[in-house]
Amino acid sequence: MLNDQELLRYSRQILLQHIDIDGQLKLKDSRVLIVGLGGLGAPVALYLAAAGVGELHLADFDTVDLTNLQRQIIHDTDSVGMSKVDSALKRLSAINPEIQLIAHRQALDEDSLAAAVAAVDLVLDCSDNFSTREAVNAACVAAQKPLVSGAAIRLEGQLSVFDPRRAESPCYHCLYGHGSEAELTCSEAGVVGPLVGLVGSLQALEALKVLVGFGEPLVGRLLLIDALGSRFRELRVKRDPGCSVCGSRHA
Ligand SMILES: [Zn+2]
C-alpha cells in the first residue's frame, strides 16, 4: 500500500488515469536493472527513482571522471574519482528515500549478469559498447525480461524496446547482430549532453509504460533521433527467425 507521503509525492502521476493508484502500486512492486550510469543511465535512474520504482538495481564498474560531467547529470564535481554507483546512490537516495537501491559495482560476467537480470522485471541498457549490449540482450532473451535499449552518439540517437514475452518482438541481435560497423564510443566521437538526456528520458518513459502497462511501447519499432535537424523518424523492425539469440525461442 501507499502511505500519505507517497500519495503526495506521486500525486501528479497518480492523477493520470493511465497510472492511478494501481499503476503506482505496480511501480512500487517493480524491480529494474540499469546497466551503465553514464549519459543515458543518469536521467533513467533520476526519473525512475523519482517516479517511485520500488527497487533500482544499479550496475557500473567505472568511476566518475571530470569529462563525464558535461552529460552524466546524476554525478557532480564532488563525485569525481568516486565509483559511479556510489555517486548515483548518494543522489538517488536524496531524491527519494522511499525506494530500495541495490548496487553492482563490479563488471558483470555472464553468470552475474544472468543473476542480475533474473532478479528484476525490466532492464534498461544504458551502456556504451556493443559487447555489453549483446550480453545484456542475450541475458534478457534467456530470462524473458523486457529490455529498453537506447544509444546516442555525436548528434544522433536511437531507441527501441525488446520484449521477449511478445512473439512478434525482435531482440537487439535481430537488429544489430549482423552489423560490422566500426564501434564508436562517445569518448572518441563526442556527443552533446541534451541528446543523451533526451534518449535517457525516453527510455525512462518507455520503462514506466511497460511496467505499468499503458500506451504503446516501442516494441517492433526503432526510433531514430536526428538532433541536427530536430527530427524524429520511426522504422518498423521485424524479428529475425534465424537470429542466433532469439530465433528458436518460440519454436
Ligand atoms: Zn533476435
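The values are calculated or read from the model by the stated rules, or taken from the named source; none is laboratory data. Owing to the predicted nature of the structure, the values given are computational and were not obtained by experimental measurement. Cβ placement follows ideal geometry from the backbone for every residue including glycine, while neighbour counts extend to all protein chains displayed. Protein only, heavy atoms only, side chains kept; ligands, DNA and RNA dropped before computing areas. Shrake-Rupley method; radii C 1.70, N 1.55, O 1.52, S 1.80 Å.
Quick check, is Ser244 more than 21 Å from the chain's Cα centre (by Cα), hydroxyl-bearing (Ser, Thr, Tyr) and within 16 Å of the ligand (Cβ to nearest atom)?
Details: more than 21 Å from the chain's Cα centre (by Cα): yes; hydroxyl-bearing (Ser, Thr, Tyr): yes; within 16 Å of the ligand (Cβ to nearest atom): yes.
Taking the combined requirement at face value, the residue satisfies it.
Taking Leu48 and the conditions (1) open to solvent by 10 Å² or more (accessible area, probe 1.4 Å); (2) assigned to a helix (DSSP H, G or I), which numbered condition does it fall short on, given that it satisfies the others?
It is condition (1) that Leu48 fails.
Quick one: is Thr77 more than 18 Å from the chain's Cα centre (by Cα) and surrounded by 16 or more Cβ atoms within 10 Å (Cβ to Cβ)? It would help to see each step written out before you state the result.
Details: more than 18 Å from the chain's Cα centre (by Cα): yes; surrounded by 16 or more Cβ atoms within 10 Å (Cβ to Cβ): no.
So Thr77 does not fit the description; no.
Within the range 101-112, does at least one residue satisfy the condition of being within 16 Å of the ligand (Cβ to nearest atom) and either touching a residue at least 40 places away in the same chain (Cβ under 8 Å) or aromatic (Phe, Trp, Tyr) (or both)?
At the first step, the residues of the range 101-112 found to be within 16 Å of the ligand (Cβ to nearest atom) are none.
No, every residue in the range 101-112 fails to be within 16 Å of the ligand (Cβ to nearest atom) and either touching a residue at least 40 places away in the same chain (Cβ under 8 Å) or aromatic (Phe, Trp, Tyr) (or both).
Does the range 140-166 hold any residues that are open to solvent by 60 Å² or more (accessible area, probe 1.4 Å) and either touching a Lys or Arg at 6+ places or on another chain (Cβ under 7 Å) or within 13 Å of the ligand (Cβ to nearest atom) (or both), and which are they?
Step one: of the range 140-166, the residues open to solvent by 60 Å² or more (accessible area, probe 1.4 Å) are 142, 144, 154-156, 158, 165-166.
Matches in the range 140-166: Ala142, Gln144, Arg166.
Looking only at the range 4-45, which residues are in a strand (DSSP E or B) and open to solvent by less than 70 Å² (accessible area, probe 1.4 Å)?
Filtering the range 4-45 for residues in a strand (DSSP E or B) gives 31-35.
Correct list: Val32, Leu33, Ile34, Val35.
Take the range 51-74 and flag every residue that is farther than 30 Å from Gln24 by Cα and open to solvent by 60 Å² or more (accessible area, probe 1.4 Å).
Our first condition is that a residue be farther than 30 Å from Gln24 by Cα; within the range 51-74, this holds for 61-70.
Listed by number, the residues that qualify are Phe61, Asp62, Thr63, Asp65, Leu66, Thr67, Gln70.
If we keep just the residues of the range 215-233 that are within 19 Å of the chain's Cα centre (by Cα) and open to solvent by 40 Å² or more (accessible area, probe 1.4 Å), which is nearest to the ligand (Cβ to nearest atom)? Break it down into steps so the answer makes sense when it comes.
Restricting attention to the range 215-233, the residues satisfying the condition of being within 19 Å of the chain's Cα centre (by Cα) are 215-225.
Checking the rest, the ones that are also open to solvent by 40 Å² or more (accessible area, probe 1.4 Å) come to 215-216.
Numbers: Gly215: 24, Glu216: 21 Å.
If we take residues in the range 215-233 being within 19 Å of the chain's Cα centre (by Cα) and open to solvent by 40 Å² or more (accessible area, probe 1.4 Å), then Glu216 is nearest to the ligand (Cβ to nearest atom).
Would the range 204-214 turn up any residue that is charged (D, E, K, R), within 16 Å of the ligand (Cβ to nearest atom), under 15 Å from the mean Cα position of the chain (by Cα) and under 19 Å from Gly23 (Cβ atoms)? Break it down into steps so the answer makes sense when it comes.
Keep residues of the range 204-214 that are charged (D, E, K, R), which gives 206, 209.
From the residues that got through so far, the ones that are within 16 Å of the ligand (Cβ to nearest atom) too are none.
No, that holds for no residue.
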